[in-house]
Amino acid sequence: MNSPLIKLDQVHKRYRLGDTTVHALRGLSLELRRGEFTAVVGASGSGKTTTLNLIGCIDDADEGTVVFDGTAVTALSDDAKCALRNQKVGFIFQTFNLVPVLDVYENIELPLLINPRIAAADRRERIMTAIEDVGLSDYVRQVPDKLSGGQRQRVAIARALAMDPLLVLADEPTANLDSTTAYKIVDLMLELNAKRKVTFLFSTHDDRLMSRVARVIHLSDGVIVRDEHMDHRAA
Amino acid sequence: MTSTWTIALRNLARNRRRTLTSGLALAVGVAGISLLGGYVARVELFLRTSAIYLQNTGHIVVYKAGGLEHASSRPRKFNLSASELAAVRSTLSALPEVELAVDYLSGVGLLGNGCKSVPFLGVGVDPKLHARVLQHPEVVRVTPDLARPVQGKILAEYASIEGAVALSSGLARRLSKSRVHDQLPPGRTAGALPDCKAASADQFAADANVQLVALTYDGSLSAQDGEIVSTIKTPLSAADETTLVTSLSRLQQLFDTDTATYVAVFLKPSANIHAARDSVEARLRGAGLQVSVYAFDDERINPYYAGNMAMLRSIFTFFSVLVACVVALSVVNAMTLNVIERTRELGTFRALGFTRRDLLGLFVRESVLLAGAASIAGVLVARLCASLINGAELRFQPPGVTDPYQIVIATPPALSAMTCAALLCLCALSTWSAVRRSVRTGIHRLLSHAAA
C-alpha cells in the first residue's frame, strides 16, 4: 500500500508557442502512493494539467523520469502507453468528453472494447457495477445530451473506473459544475477511493474542495511550492 | 454489445446531411461506372462474337507463315496446301480446347449479271461447317440478326444446287439481283441476255443467276455460273458491297486450286484464347508446319475490333479515373470535416487507450460502411437505368457498321462486384490519407483543441 505508484523525478516540460518557449514544468519531483486521494492546485499556467498529462502518459517529458507502477514510461512505445492507459489509468475531464452518439452504457463500455481479454459477461458486469457505483442505474440507455452536467460527470467517473484502474486522473472535474454538484462529485470520488482503493489525483482551482482532500500539492510556475498532508479529510 | 462497427454506424448518422451528400456522390459514381462498363462489356461481346463467328476468323487463325501479309497477292506460295491443311486439322483434332476447325479460301474476282460486272471478295467454306458456325449458341445469343440471311436460307440448305452463292445485300443490289432462288418460280432457267441498254431492274431480278470470273493461280481466266440462294448482312459496311460466300470446293474450282487461305479455329467456351494460341502454334510448329497463328483480337486480324475496343477501354478508363477522383475528394472532404469536428473525441479515445491504428480503423469503418451502402444503391440505380435503356430499344449506327445497333447495357455481376470492391478500397485509402495525420497528433493537443 505504501510503495509509490507514481514517481516523477526532476521532470521538465517545455512547449513552444510561436517563437516563445513556455517552461511548463521546471524539475518537478513527486511521489504518489497507492490509494491516495490527492489534489493538485495552482493558478492557471502553474503546470497542473501538464503534470496530470505526464503521469497519464498522454504527453512526454523533455527531461527527467516518470515511473508508473515500477515502469519508466518515457521508454515505452506509443502502443505500450496505450495499453498502460487503458489498463491502469482512468481519465475524468473538465468537459466530460462523452461520445454523443453513444448512450451511458456504451460510453462506459468504450475502454473495455479494446481489451480482448475481458469476456462479454465480465464486461457487462463491470459496466453495471460502475453504473451502480455512480448512481445512474435509471439512465443506462440515455444519451449524454439528455443528462445534466453532474450526471455526465458521473458517467465519466464510471467510464474511468470500468477497467478497475490503479489511478484515476481528473483534470478540473468540477470546473463546469455548480458548487452543490461539485461537492457531490468530489464526495463520490472520495467514496469510490475508499471503496475501490483506487488512487485519485485531480487538479482544481476550487479552494472549497480542499477541505475534503487528504493531500494537496501546490504548484507555481512548474514547481511544487507546498505539499500538504491534511488530517481533516471527510470520512 | 457495442462494437467499433456500431460506433462507426452511429457516427455516420451523426451528420446525416453530409453522409447523404457523400453517399450520393459515391452512388452516382458507382452507377455511372456500372452503366458505362456495362455498355462497354456489351459492345465488346457483340464485336467479339461478330469478329469470331461472322467475320470468319474464329478465336484463332492459322495462316501459312507470311500468309496474312502475302496470301492475297501470292496465293500459290502463301496459301496452305492440301497436305498442310490435313496436317493442321490432324494436329488440331488432338487439342481438347478446340471445338471446330474450318478451312477458308478467299480470293477476288468479278461478278456479273449479264450486263454489268462488279468486283467481289469471295469466301469459300464448307457449307455444313459454316452452318455450325452461324448456328453456334454464342451467335444465337448475341447476334442472331446478323447471322440470319436477309433473303433465302443459309448455304448448307442448298447442297443440291450447283454453284449456290450467298451475296451480301449491297453486292446483290449493285447487280440488281433483288430476288433469290427460293423467291423465283420453280423450274425456271436463266433467260437470254437482256438488252443491257434497255434492261430494267425487273429483268435482272427475273433470275438468280450470276457469273463469277477470276484469274486462276496460274493466271488463266476462269468462269463459273452461280445461283444466288441468299443475301446476307455483313457486320461491317466496308464488306457489304463485295462479299460473296460459296462452297470451298466451288471457289477452289474457280481459282483452280486445292489450297485454302487459312484455318479458323473455334474454341470451346472455357478455353483461354491466348494460351490456346500459344499451344496451337507450338503444336503446329512442333509438327514441322511453318505457320503463323493469331488470336482474333490481334489488330492485324480484326483491326475494327481492336481499334474500337482500345477506344472504348480508353474512354472507360478515363471516366473511371474521373469518378475515382471525385469519390476520393468527396471522401477526403467529408472525413476531414469529421476529424475537425471530432478532435476532442479523438483525444478522448486515445486517452482511453485506443491506438492510432484503432482510431484509423474506426474512421475507415465509417467510410467502408458508407461506401458499402452507396455501392448497393449505385448498383441498384444502374440496374434500373439499364432496364429502362434496354427497354426503350434505342438504336444508333456506329461508323463502319452495316445496320443500326441497339444500345444494350449489360450489368454483369462481376463488373458490379469489382466496382464495389474498388470503391471500398478507394474510400478506405482516401480516409486513411485524410485521417492519418490527425491521429498522429499528440493527445494533449487533441484534448486541448477541444477546450479551445
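In the range A:76-92, the residue that is farthest from the other protein chains (Cβ to nearest Cβ) out of those that are within 17 Å of the chain's Cα centre (by Cα) and polar (S, T, N, Q) is A:87.
Results for (1) under 22 Å from residue B:345 (Cβ atoms); (2) among the hydroxyl-bearing types (Ser, Thr, Tyr); (3) buried (at least 22 other Cβ atoms within 10 Å of the Cβ), shown as yes or no for each residue.
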residue: B:3; (1), (2), (3): yes, yes, no
residue: B:26; (1), (2), (3): no, no, yes
residue: B:37; (1), (2), (3): no, no, yes
residue: B:54; (1), (2), (3): no, no, no
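Comparison of B:237, B:279, B:247, B:220 shows that the only residue that is of a type in the set (Gly, Ala, Ser) and more than 26 Å from residue B:136 (Cα to Cα) is B:220. Here the range B:1-50 is the region considered, the condition is being under 19 Å from residue B:389 (Cβ atoms) and touching a strand residue (DSSP E or B) at 6+ places or on another chain (Cβ under 9 Å), and the residue that is nearest to the other protein chains (Cβ to nearest Cβ) is B:43. Just checking, does the range A:125-144 include any residue being touching a Ser or Thr at 6+ places or on another chain (Cβ under 9 Å), surrounded by fewer than 17 Cβ atoms within 10 Å (Cβ to Cβ) and more than 9 Å from chain B (Cβ to nearest Cβ)? Yes, the conditions are met somewhere in the range A:125-144. Here the range B:352-362 is the region considered, the condition is being out of contact with any helix residue (DSSP H, G or I) (no Cβ under 6 Å at 6 or more places or on another chain) and within 7 Å of chain A (Cβ to nearest Cβ), and the residue that is surrounded by the fewest Cβ atoms within 10 Å (Cβ to Cβ) is B:358.
Only one of the numbered conditions (1) outside any helix (DSSP H, G or I); (2) more than 8 Å from chain B (Cβ to nearest Cβ); (3) hydroxyl-bearing (Ser, Thr, Tyr); (4) surrounded by 17 or more Cβ atoms within 10 Å (Cβ to Cβ) is violated by residue A:95, and that is (2).
Matching residues to (1) crowded, with 19+ Cβ neighbours inside 10 Å; (2) of a type outside the set (A, V, I, L, M, F, W, C); (3) more than 24 Å from residue B:220 (Cβ to Cβ); (4) touching a helix residue (DSSP H, G or I) at 6+ places or on another chain (Cβ under 8 Å):
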site: B:75; (1), (2), (3), (4): yes, yes, no, yes
site: B:89; (1), (2), (3), (4): no, yes, yes, no
site: B:92; (1), (2), (3), (4): yes, no, yes, yes
site: B:111; (1), (2), (3), (4): yes, no, no, yes
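Could you tell me whether the range A:54-75 includes any residue that is of a type in the set (Asp, Glu) and within 8 Å of another protein chain (Cβ to nearest Cβ)? Looking for residues that are of a type in the set (Asp, Glu) and within 8 Å of another protein chain (Cβ to nearest Cβ), one finds at least one in the range A:54-75, hence yes. For residue A:155, state whether it is more than 10 Å from chain B (Cβ to nearest Cβ) and in a strand (DSSP E or B). So residue A:155 fails the test.
Counting only helices (runs of 4 or more DSSP H) that sit completely within the range B:1-84, those holding 1 or more residues that are within 23 Å of residue B:239 (Cβ to Cβ) correspond to B:16-49, B:67-70, B:75-78.
When the residues of the range B:296-338 are filtered to those that are among the charged types (D, E, K, R) and in a loop (DSSP other than H, G, I, E, B), the one that is farthest from residue B:30 (Cα to Cα) is B:300. Residues being among the aliphatic types (A, V, I, L, M), over 14 Å from the mean Cα position of the chain (by Cα), more than 14 Å from every other protein chain (Cβ to nearest Cβ) and part of a helix (DSSP H, G or I) are represented in the range A:180-200 by at least one member. Residues that are among the hydrophobic types (A, V, I, L, M, F, W, C) and surrounded by fewer than 17 Cβ atoms within 10 Å (Cβ to Cβ) within the range B:278-315 comprise B:282, B:287, B:310, B:311, B:315, listed in sequence order.
Can you spot a residue in the range B:366-378 that is more than 14 Å from every other protein chain (Cβ to nearest Cβ), among the small types (Gly, Ala, Ser), surrounded by fewer than 20 Cβ atoms within 10 Å (Cβ to Cβ) and not in a helix (DSSP H, G or I)? Within the range B:366-378, not a single residue is more than 14 Å from every other protein chain (Cβ to nearest Cβ), among the small types (Gly, Ala, Ser), surrounded by fewer than 20 Cβ atoms within 10 Å (Cβ to Cβ) and not in a helix (DSSP H, G or I).
When we screen B:435, B:408 for residues that are among the β-branched types (Val, Ile, Thr), under 27 Å from residue B:305 (Cα atoms) and more than 14 Å from every other protein chain (Cβ to nearest Cβ), the only hit is B:408.
Among the residues examined, residue B:347 qualifies as within 11 Å of chain A (Cβ to nearest Cβ), crowded, with 22+ Cβ neighbours inside 10 Å and in a helix (DSSP H, G or I). Only one entry of A:207, A:187 meets the criterion of being among the charged types (D, E, K, R) and in contact with a helix residue (DSSP H, G or I) (Cβ under 9 Å, 6 or more places away or on another chain), and that entry is A:187.
Residues that are modelled with pLDDT under 95, assigned to a strand (DSSP E or B) and either basic (Lys, Arg) or crowded, with 22+ Cβ neighbours inside 10 Å (or both) within the range A:43-74 are absent altogether.
Summed over the range B:377-411, the residues that are over 17 Å from the mean Cα position of the chain (by Cα) and touching a residue at least 12 places away in the same chain (Cβ under 8 Å) give a count of 13.
The values are calculated or read from the model by the stated rules, or taken from the named source; none is laboratory data. Remember, it's a predicted structure, so these values are computed and weren't measured experimentally. Positions of Cβ are backbone-derived with ideal geometry, glycine not excepted, and every protein chain shown enters the neighbour counts.
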